[in-house]
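*Asks:* Dumping the structure here so I can ask a few things about it.
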Amino acid sequence: MEKSLKKDIIINRLPVVIYFILIFAALMVMISAVAPMSNHEPKTTDTYSDFSTGWLNCEESEASLDHLSGTTVIHRTITAADCNKTLFFFAKTSNIKVFIDGVCQYRNNHFCSQFFGKTPGALFVNVLIPAKSDGKLLEIEIENPYKDDDSAKLDEMYIGDISDIIQFQQQKRFNSFCISFIIMVLGVVMLLLFIPLTRQKIVGIEFLNLGVTAFVSGLYLTTDGRYLQLVFGDAHIYHVIAETALRLSILPFLIFLSQMYESYSKRISAILCVIGEIAFAGCFIGEITEIMDYHETLFLVHVVFAISMLFILVSTIKGIVKAPKENIYHNIGSSFVEAGSPDMANELYEYCISECDKAVPGVQRGVFGADMKIELENDGPFTIVLDSDKL
């Protein structure tokens, strides 16, 4: 009997194990496809250098590269050492133009401002400095189209071999990209497994909410980490995906927590979910009507997100402080219980009865899993004290 049960457990779980192995293999293939690889011989010396100093503003004083508002133009003179090299930098909340002696060498793409905003949000710029440019004027125009906003900035500015610069930037962000991508894939796996596991009554609806949370959180972290911009370019689409995922991530997480833990008020969770949905709808309406663009609605999104996270933090601390030690980890992992199928459970039920019947003949049995109607009639005083801290 015991061998039969073990065999059934292995057989029932084998497809899930194979599924996870295939997912892991696909995950490794995807990661290896975008992993930063060197396609040239390593250099004995650095092939690029910092280029963030030496810039001047229109008043011929040292230019600031952060907290920029309106339209700012910075410039410097190209030296012989700068020729045939690539200027690389990161730009935030701004539209960028690069000129050499008044001739435009680069300008970022503009997409539909209703959905993508008036700026790319965050992008990497690289511009080749042509040969024989010694003595010419290099200018960068930074346009921040948002009034009363000084969040535009230039950062991580280098000049040199663009392949080495890109590889350095990719390697710096690759570990965080892998972690984010794995979280997203785990969310996808949970969503795919939800229906078959629910049919076997192994998991409940909380498994679906946790899967959605993992997927959208991983999607936000993956697209917001700037790694994909370095690999594929086109920052607009990644920035929009990241912020949309941020808007959606908190709702299923609140629902999951309120389902799993008593310390998270269902009423407050529901109110926050409604507020989040209203904020999302309001932002979307503001964008399609061009009242506000994508970046201008982010403040409201971040406020709702911050309030929700504060509620989660307070509720978590409250639950840990009030709960006895044995219940601190209550329900952790309950979505991943190693439960068998009902048929296997019934077989175990019959096995237990047969073993008990050997020791005490005449053990009665019912129908496993059947509905029962129970009536109780008390005559006289009867008191039951239930204390959850002592159960």
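Just so you know, all these numbers are worked out from the coordinates, no wet-lab data involved. Since this is a predicted model, take the numbers as computed values, not measurements. Backbone-built Cβ (ideal geometry, glycine too); neighbour counts: all protein chains shown.
*Asks:* If you average the sequence gap of Cα pairs under 8 Å that are 6 or more apart and divide by the length of the stretch 154-244, what percent do you get for the contact order?
*Replies:* Once divided by the residue count of the stretch 154-244, the mean separation gives 32 percent.
*Asks:* Taking neighbour Cβ counts within 10 Å as the exposure measure, how do Ile237, Ile288 sort from fewest upward?
*Replies:* Ile288, Ile237
*Asks:* Between Ser52 and Ile205, with labels modelled 7 Å along Cα→Cβ, what's the label distance in nm to one decimal, could you check?
*Replies:* 5.0 nm
*Asks:* Can you tell me the length gained on complete extension of the stretch Leu313 to Val73, counting 0.36 nm per residue apart and subtracting the Cα distance?
*Replies:* Result: 82.0 nm gained on full extension.
*Asks:* Check each of the trypsin sites (Lys or Arg not before Pro) in the stretch 115-147 and keep only those in coil by DSSP with at most 13 other C-beta atoms within 10 angstrom; list them in order. Intermediate values should be presented prior to the final figure.
*Replies:* Numbers: sites: Lys118, Lys132, Lys136, Lys147; in loops: Lys118, Lys132, Lys136, Lys147.
Of the trypsin sites (Lys or Arg not before Pro), the ones in loops of the stretch 115-147 whose Cβ has at most 13 other Cβ atoms within 10 Å are Lys132, Lys147.
*Asks:* By the scheme Lys and Arg +1, Asp and Glu -1, what is the net charge of all other residues having a beta-carbon under 13 Å from that of Glu287?
*Replies:* -2
*Asks:* Using a basic spin-label model with each label point 7 Å from the Cα along Cα→Cβ, how many nm lie between Phe299 and Val363?
*Replies:* A separation of 7.0 nm, rounded to one decimal place.
*Asks:* Once phi is turned into ³J(HN,Hα) by the Karplus curve 6.51 cos²θ - 1.76 cosθ + 1.60 with θ = phi - 60°, what whole-Hz value does each residue of the stretch 240-254 show in order, with x for glycine and proline?
*Replies:* 5, 4, 4, 6, 5, 4, 4, 5, 8, 6, 6, 5, x, 5, 5
*Asks:* Give me Ile182, Ile271 sorted ascending by neighbouring Cβ count inside 10 Å, so fewest comes first.
*Replies:* Ile271, Ile182
*Asks:* Once amide H atoms are built 1.01 Å from N in the peptide plane, which residues 5 or more positions from Tyr106, or in another chain, come under 5 Å H to H?
*Replies:* The answer is Val98.
*Asks:* If a/c stays under 1.5 just call it rounded; otherwise compare a/b with b/c (prolate if a/b is bigger, oblate if not). Do that for the stretch 82-175, with a ≥ b ≥ c from the square roots of the Cα gyration tensor eigenvalues.
*Replies:* On the way: a/c = 2.20, a/b = 1.26, b/c = 1.74.
It is oblate, given that a/c is not under 1.5 and a/b is not larger than b/c.
*Asks:* Rank these for me by crowding, Ile140, Ile384, going from fewest to most other beta carbons within 10 Å.
*Replies:* Sorted ascending by nearby Cβ count, the order is Ile384, Ile140.
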